[in-house]
Every structure is written in structure tokens, then in C-alpha cells.
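What follows is a set of notes on a single structure, which appears directly below.
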């Protein structure tokens, strides 16, 4: 079973997985749990369209640390602002920055030069939890899926190998050490039991482990119903003559059919590639997530998170 | 004639946009299949593809167009290229760099090797260059483009030649010239050369970095030049009426939120959303059936939880669809042409499944 509270004792938690399967909901609930325990938490995203603030009933906030609830903050990092913050705050080159970089150049730079956007993002996370005057106890990064997440995880090593020297290299080594230090950071992989989603997660899982930067602590299978457990009762509904729920039950049979088998496959893969084990937990399909999120949601989250046997 | 069928009939390019997990890749594929079935010579360009879907249709992850053979589709009518980060850069460099020695130097350059998996936003850019190549070849009646699952795709659609800001002589020469000068005059002259950018880089990343970068850019000049030309031509093509923008969504809160943002961004770019495709809509007979669910019905046993989830989903779906339509109508002043696609009860990610979905879309 995923030890959620141990996870939340870390400084940086990366929540990743395919788009549209509930990462944000899970990241938001984890953040609430941490905040409720008195930790100063920031959920970080890096998207064109804010997803976190609206989930808490707040208008979009952009690149500005904003308090949503007591102890719970969020920011939607912008790549250009990150770049500026990295050069100015992190490296300390304010006057240089003002002289040299303008918006058009930054935009092109970030696009063309490998890893700049990723490096400055990691730099921001490190800064927020370790170097800032008022550091956060926990920073949760939401919204990086598959390919982009792997890029993020491999960027520090790529920069270290690329022949850069000077402040950027030193800073990269420092942040790599921090992220890599035991207990400092963790990765949570989210998936569903749908074949397409699960096959991507299984493709992705060994690659995450191979990046060697942070610990893959757990996999959460979202929107999960144990089809083996529910099959008999659904079949009964279907076979009951004149049951108005017949069509709905048939659909459930189809939708959740094969769920358990898919997670068994995942379990077998983990046994192969991670001999120390990675906790697999499941969350049911809640149908509706009441927005704005409140403490009720995170209580439900903890109550419904089950270990996969 | 369905809205999708009409687009297939009238347009030369169909671009699919939308948040992650809404079924963009699947829909783009089904649209391409439907087009090919109807007799159009069709190309499908997919970025950040679903490997399982690619495997199901026997499409290789390669920069080159490969033929997709499906029952009912005439030979030579459906070609696809599915690009992911690993394949794209190598392929592009190999194709665009005529000089074998230069090509090898690029592929072996330390910066390239360290980072060719990390060229972030360049994937989209490369894909657009590929798109331009496909259009120039004039082999196809219709090109269907599947975009990466975030609105960054729109940045590139707005300005396909965005790299020109960096590469068009000015900035590139700022980096390269002083390096050459510095070699002649000594490194202390680097700042005096008046090239602020180069000086800035050197201070932040070290002289060696500047050297490495300068070398790399010199090598890449030809390749980048090719990208830029493609970008300019493409910008014109994308603004034509024969290019259709199809926004894909599902009735889930986060997808609906992204959908509104994307439609608004398209509007700001001066483009219209030609079609709103709403996937995963619960079929009416299922929606009707689940209204008979009663809370706390103990006879349902273990089936209770999933039936309740279905009931809640059905209610939420209906509400979100209405909310989405109302918001978009408010934003645009008129209703968007919308096609609803039911959540299917067959495996879409198989060749038979894609054929069935194609049929459902283009009836």
C-alpha cells in the first residue's frame, strides 16, 4: 500500500501519467492532505490553461504563487518567467539578464536550446523548497505526462554531460544532488486500467526507473473497479427479467471488464523491473468530483485508496 | 451527411486539437480512415502517438510516411507517419543535411547527443516541417494532423516560423561571430565585440559552452534554414479556408476547461473552430437505463459502486455538455457545429475498432 504520509514528508513529489486520467485530482488531494497536517505546500503546474486553481474554485492565476486554502498554494509556471527567475534569482545575474535577454530572444532560446525549459523548471522547484527565504515544506508537480516527464527527468544528466561549465553546470549539479538525495523527492505514476492507458504506463514505468533521478514510490490505478468482484452481481442484474438497469449493467460489465487482469500485468512487470517493489494502489471511479475541492474530497481520497492485492 | 463527412469532403487539411486523454489521436486516425474509405488519398500525421494504436494498425514510428492497409480501404489511399521524440530529430537531420560529413558531425556532436531526446518544443516544429513537406509533395487530397496534448501546439500553428527570431542571422551571428573573433583576438575581446548575447551566455554557462553552441549552430545552419522555409510556406497554408480546425473534447470538467481555452485561442488567432467533436458521450439508452438506479439498493451487492458512478457520470455529462455549449455560444456569438460520439462498447484500438469508429464518424 502506498504510504501517503511518508510520500508527503518528501520535499518534491512528481505526479505523472497519461493525460486526462486524474493526475490533477490526485495531486490536489495529496496537497490538501499535506496542508491539513500543517505543511506549507505548493502545487505546481506548467500549462497553458490553469487546471489547479479552478479545481479549488479560484480564477486562473498564472505565474504567481497564490494561496488557495490555509497552507495550500499553487502556481502555474510559465517557461519564460522560469528562465528569468533562474538567471536572476537562482544564478544571481540580474543586471546581466536585463542587458541581454528580451522576450523574443528568450522565447526562441527556450524553443531551440535543448533542456532550458526543463532545467529552469527543476531549478524553480528546488528553489521553492530549499533556497527561497520562505521555503515550502512540499512542492508537488502536476501535469507532466510520459515523454515530457522523461525529458524532465533526464535533463540534469544531459546538461552535466554536455560540456557546459560555470554557474549553470554548478547549479545543475546542486539541484540534481538535492532531487536525488534519499527521501527528498518521489514520483507517483497514475494510470487507469483501460488497455490503452495501461499499456502506455507499462511502457513508461521502466523508463522512469532508468532515469535514476528520483524514486518511483507508487502507482495509483484510478477509476478502478474490480471486475472479478463485481461480475456476479452485475450478471444478476442483467439476467433479472424486466430489470430496467440491464442496459446500464451491461455497459459496466464492458467498461470495467478486464480491469483486474490489466493491473495483474502491471504487478508482474513491477516484479520484473523493480525487485524492491513499487506499491500499487487503486481508487474507484467517483463519477463526479465535486468542485470546488474541499476537505471532504481528501477524506474520501484517503478512505477509498486501497492497496491492490 | 455528418459534419465529419462534410469536412472530409471540403477540406485539404484537418487539424485536431484538444487536451490529453480526449481521444484526439484515435479520432484523427478514424477521420483519416473514413477519408481514405471515401476515396480520398489521405495522409495522417500524428505527434506523440499512442504506441498501442500504432501497433494495432501496423504503423511504424518513423518520420517517413508508410502505407496503412485496412479492409475496405483502397491501396495507396491511406498513409501515416507517427512521430515521437526519439525518431524525429535523427530522421530530420539525416534528411535535411546533404553533406554526409556535416551530418555525421551533427549526430556525433556532444550537445546533440546529450540532448536529442530533450528537444522539447522542437518536436512540434519538426512535425510542422513534415506537414509542409507532405503538402508540397501534392500526393494527397487530405492531410489529417493530430497535435500534442496541450495548447502549446497552438503556439506553433500561430507562428510556424517562430525559430526565425533566433536563427535569422541576427541572433545566430551574435553567437557565432564573437567566437570566431575571440579566437583571433583572445577571449577578453569577447565582451568588447559588443555582442551582448554572446557575452551573456559566456558569463552564465562558460566559454566552452559558447564554443560548443557556436559549433553546433554552424553545423545546423543548413538544417535550420530548411525548417524556416517550411515554416513560412506553412503559415500561409494554415490560414486558408481549406484548413479546418477540429477541437476534440469529452464531457469531463478538465477537458471542458481546456476546450474553452483552445476555442478562445483559435479565435484570437483569427481562426474559427470548424467542428467540435465531443467524445465518450454516454449512449441515450444507457443514460435512460441508469436513471433507474436507486441509492442504497442492497440487492445490487458489489455492483452498487460502479452503477452509482455511472449514474453520477451520466448526470455530470449532461450538465457539462450544456455548460460547454452555453459558454462557447456566449464567446463566439453563435453555436459551434458539434458532433457527438458515443462511448463505444468495442475495443477502438484495433483495426476493426478503428474501422467501426470511422463509420460512426462519417455516416
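The values are calculated or read from the model by the stated rules, or taken from the named source; none is laboratory data. Predicted model, so just to flag it, every value in this text is computed and none were measured. Every residue, glycine as well, gets a Cβ built from its backbone with ideal geometry; the counts of neighbours run over all protein chains shown.
Residues being in a helix (DSSP H, G or I) and within 8 Å of chain A (Cβ to nearest Cβ): count how many of those fall in segment B:282-298.
5
What's the number of the condition residue A:145 fails, among (1) more than 10 Å from chain B (Cβ to nearest Cβ); (2) modelled with pLDDT of 80 or more?
(1)
Give A:249, A:274 a once-over and let me know the one that is surrounded by 13 or more Cβ atoms within 10 Å (Cβ to Cβ) and either over 30 Å from residue A:214 (Cβ atoms) or within 14 Å of chain B (Cβ to nearest Cβ) (or both).
Of the residues listed, the single one that is surrounded by 13 or more Cβ atoms within 10 Å (Cβ to Cβ) and either over 30 Å from residue A:214 (Cβ atoms) or within 14 Å of chain B (Cβ to nearest Cβ) (or both) is A:249.
Among residues belonging to segment A:2-39 that are out of contact with any helix residue (DSSP H, G or I) (no Cβ under 8 Å at 6 or more places or on another chain), within 22 Å of residue A:296 (Cβ to Cβ) and in a loop (DSSP other than H, G, I, E, B), point out the one that is nearest to the other protein chains (Cβ to nearest Cβ).
Checking each candidate, the answer is A:22.
Of B:319, B:301, B:270, which residue is without any contact (Cβ under 8 Å) to a residue 60 or more places away in the chain and in contact with a helix residue (DSSP H, G or I) (Cβ under 8 Å, 6 or more places away or on another chain)?
Just one listed residue meets the conditions, B:301.
Which one of A:150, A:125 is within 30 Å of residue A:37 (Cβ to Cβ), at pLDDT 70 or above and in a helix (DSSP H, G or I)?
None of the others qualify; the one that does is A:125.
Can you tell me which of (1) at pLDDT 90 or above; (2) more than 17 Å from the chain's Cα centre (by Cα); (3) surrounded by fewer than 21 Cβ atoms within 10 Å (Cβ to Cβ); (4) assigned to a loop (DSSP other than H, G, I, E, B) is the one residue A:165 doesn't meet?
(1)
Does segment A:224-239 contain at least one residue that is surrounded by fewer than 16 Cβ atoms within 10 Å (Cβ to Cβ), in contact with a strand residue (DSSP E or B) (Cβ under 9 Å, 6 or more places away or on another chain) and part of a loop (DSSP other than H, G, I, E, B)?
The answer is no; no qualifying residue exists.
If we keep just the residues of segment A:283-297 that are crowded, with 18+ Cβ neighbours inside 10 Å and within 12 Å of chain B (Cβ to nearest Cβ), which is farthest from residue B:344 (Cα to Cα)?
The qualifying residue farthest from residue B:344 (Cα to Cα) is A:293.
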